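Taken together, the values in this text are just the output of simple stated rules run on the coordinates, not laboratory data. Nothing here was measured: the structure is a model prediction, and the numbers come from that model. For neighbour counting, all protein chains shown are included, and Cβ atoms are generated from backbone atoms with ideal geometry for every residue, glycine included.
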Amino acid sequence: EAGVAQSPRYKIIEKRQSVAFWCNPISGHATLYWYQQILGQGPKLLIQFQNNGVVDDSQLPKDRFSAERLKGVDSTLKIQPAKLEDSAVYLCASSLVRVPYEQYFGPGTRLTVT
Amino acid sequence: QKEVEQNSGPLSVPEGAIASLNCTYSDRGSQSFFWYRQYSGKSPELIMSIYSNGDKEDGRFTAQLNKASQYVSLLIRDSQPSDSATYLCAVVTGTYKYIFGTGTRLKVLA
């Protein structure tokens with residue numbers, strides 16, 4: 001079974017530029033999560049989708065971050081414009097919609113904003 | 001009070017000893033509990049899940065859940081240097097929110 005795919009793996013941009021990340025979940029997983037993980041901290045949920053609907057985006061900085069999951073499968077997360085404090089690893093995870101809710105993570109995208 | 005709390009460590013144990021990692025949570029309606037391991041520079045990987053009170057064993061790992069006291073723990077028996085990593089506790093709350101703790105860094109000394 002293929003795991004969660006993410007691209008790119010690394011990205012370096014200057015502040016005020018835009019960037020987009022892509023995620024393809026495990027086949028059959030209706031729930032998709034985007035997390036931001038700053039060095040030394042636990043993952044912070046940015047947005048949770050169930051199929052193509054948003055379940056929770058309470059911690060997404062909506063003035064600069066956006067995400068979509070148009071066909072209920074893969075998803076993109078965009079930052080525009082980027083700030084220095086956006087430097088982090090962006091993790092995508094997926095799970096079944098029902099118990100056991102076990103999440104499986106992709107390799108992540110390491111973003112550096114200079 | 002944080003929704004999911006863990007001691008950040010580092011927790012240092014000698015090789016072969018038992019490592020005990022603890023996590024407390026605030027939402028009494030929480031229903032599912034997980035332990036993830038994260039090596040430096042890697043993504044979290046699921047190592048244990050537990051849903052009912054008591055112990056659940058899987059190889060050298062034992063997860064313990066006490067809903068009345070709102071804590072979940074992870075025991076690692078016969079700790080190996082390869083177990084050195086950050087261990088993240090995660091909780092699915094009563095409103096189906098998935099919350100991670102900040103993680104406990106474990107160092108197993110050879």
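Summary table below
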| read-out | value |
| --- | --- |
| Formal net charge of residues neighbouring B:TYR96 (Cβ-Cβ distance under 12 Å; K, R +1; D, E -1) | 0 |
| Cross-link table A:LYS71/B:LYS97; A:LYS62/B:LYS67; B:LYS42/B:LYS67; A:LYS11/B:LYS107; A:LYS11/A:LYS62; A:LYS11/A:LYS44, entries beyond 28 Å C-alpha to C-alpha | A:LYS62/B:LYS67; B:LYS42/B:LYS67; A:LYS11/B:LYS107 |
| Fewest-first sequence of A:ASP57, A:ASP63 by Cβ atoms within 10 Å of each Cβ | A:ASP63, A:ASP57 |
| Fewest-first sequence of A:LEU91, B:LEU106 by Cβ atoms within 10 Å of each Cβ | B:LEU106, A:LEU91 |
| DSSP-assigned coil residues among trypsin sites (Lys or Arg not before Pro) in the stretch B:1-91, each with at most 10 further Cβ atoms within 10 Å | B:ARG28 |
| Exposure rule at most 11 other beta-carbon atoms within 10 Å, DSSP loop GluC sites (Glu not before Pro): chain A longest free segment | A:15-114 |
| Per-residue Cβ neighbour rank within 10 angstrom, fewest leading, A:ILE38, B:ILE47 | A:ILE38, B:ILE47 |
| Rg and Dmax [Cα atoms of chain A; Å; Rg one decimal, Dmax integer] | 13.3, 41 |
